[in-house]
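In what follows, a single structure is set out as structure tokens and then discussed.
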Amino acid sequence: MPPPPGLRVATTRGLTVAIGLLVVALLVDAAATIYNVREIATNVEWVSHTHEVLAKLEAALSSLKDAETGQRGYLLSGDPAYLDPYRDAVSRFPGQLAELRQLILDNPAQTARLLRVEQLAGERMTILRRGIDLFEAEPDRTRALSLVRQPGLIGEGKRVMDTIRDEVAQMQRAERTLLEERAAASRASARTAFATTLV
């Protein structure tokens, strides 16, 4: 015996409403999933960005150390081959600063610190160059070394390099703080995406 017409209409209406609700739920879930995936991708990108800034900071500081090492090796040996690390560092350092500047454009505090590092690095390179020039201008090596080892020249060079190290350390601390925040945001996005998909 067929069901009464009223029951048939109610069942059809109920089924239509259920299918409609299911479609809406699927659309909401799809939108939430897309949003969560974008959030995860953005957070992962920022974490990667922070790692890149840290690596570039380390590379720039390493270049300054290479310049110092090259100059020192040349002054101690008199062999121009020891100037290769100095020359390499002098040529690559401006590019490293330019890359860093691009990476931290969104962060005014880091940009200000980098400008300070750039100014100090210019001073340090000038002091290194002055030492090489003094050494090369004096034919007597003993006298040349005594000129280069003037307390003012050595002391100023050390002071500038120590200040550069401090500035770079502050930048690294700021980036590590950002890294922790961004990693936490990335984990939170992943948890939200998992919970949304589960629901």
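Rule-based calculations on the coordinates, nothing more; no lab input. These numbers come from a predicted model, not from an experiment. When we count neighbours, we look across all protein chains shown, and the Cβ atoms used for this are built from the backbone with ideal geometry, even at glycine.
Couple of notes before you dig in:
- Calculated from backbone phi, Karplus (6.51, -1.76, 1.60) coupling profile of the stretch 15-21 in Hz, x at Gly/Pro: 5, 5, 5, 4, 5, x, 5
- For the chain, the residue among Thr177, Ala31, Tyr86 whose Cα projects farthest onto the positive side of the dipole built from Cβ charges is Ala31.
- Of Val160, Val17, Val168, the residue with the greatest mean-square motion in the GNM of the chain, using alpha carbon springs below 10 Å, is Val17.
- Lys, Arg +1 and Asp, Glu -1 on Cβ, resulting dipole of the chain about Cα centre, debye, nearest 20: 620 debye
- Label-point separation, Glu180 to Ala112 (7 Å along Cα→Cβ), nm: 2.2 nm
- For the pair Ala137 and Lys158, a Förster radius of 30 Å applied to the C-beta separation gives a FRET efficiency near 0.85, rounded to the nearest 0.05.
- Modelled this way, with points 7 Å down the Cα-to-C-beta line, the labels at Thr33 and Leu145 are 7.3 nm from one another.
- In order along the stretch 53-69, the Karplus-derived 3J(HN,Hα) couplings, from 6.51 cos²θ - 1.76 cosθ + 1.60 at θ = phi - 60°, round to 4, 4, 5, 5, 4, 5, 5, 5, 5, 5, 5, 5, 5, 4, 4, 4, 4 Hz, and Gly and Pro are given as x.
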